[in-house]
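Quick note: the coordinates plus some simple rules give every number you see, no bench work behind them. Predicted model, so just to flag it, every value in this text is computed and none were measured. Here the Cβ positions follow ideal geometry from the backbone for every residue, glycine too, while neighbour counts run over all protein chains shown.
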Amino acid sequence: MRALIDEHPNLGVEPVLRELHIPSSTYYRWCQAEKEPCEHRRRDAELAEHIRKVYQDSGGIYGSPRVHAVLKREGVRVGRKRVERLMRQAGLAGISPRSGVPAASAGSNSWSGAWGWPARRFPPGYPTRVGGSRCGG
């Protein structure tokens, strides 16, 4: 919206907003939010710095549960999901205890890895036997 108004400075703000069917109060509130962020965003910025410090003090090992525990121990009142969100936005991630084992996720397309099923293909007409009996009967 700002780019359109900057592109046509001779039109003025009100006519452009009228053509776009945007209330002027929305535009001015948006401008105010750019200049002076709300309390929630200011608090997020402070928490992000605190989270980054805890993360760096751990040597980049702690994930969000441990970072949340440290913050709680230090007396910082913050929710677990807020810590998760701020760490994700900052690109901070803990180290998995099983780093050599690939994690199976719910979004993964690899059923064989997720459930330990054999990843082999059988030729057409191959009998479907498991343990010597027919499947399903």
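For this structure, a couple of remarks:
- Packing, as the average of other Cβ atoms within 10 Å across residues, places the peptides 16-22, 30-36, 85-91, 51-57 in the order 51-57, 85-91, 16-22, 30-36, highest first.
- Neighbour net charge for D44 - beta-carbon separation under 9 angstrom, K R +1, D E -1: +4
- ³J(HN,Hα) computed for each position of region 46-60 - Karplus, 6.51 cos²θ - 1.76 cosθ + 1.60, integer Hz, glycine/proline x: 5, 5, 4, 5, 5, 4, 4, 5, 4, 4, 5, 5, 7, x, x
- ³J(HN,Hα) computed for each position of region 61-66 - Karplus, 6.51 cos²θ - 1.76 cosθ + 1.60, integer Hz, glycine/proline x: 9, 5, x, 5, x, 6
- Total formal charge among the other residues, if their Cβ is under 12 angstrom from that of S58, Lys/Arg +1 and Asp/Glu -1: +2
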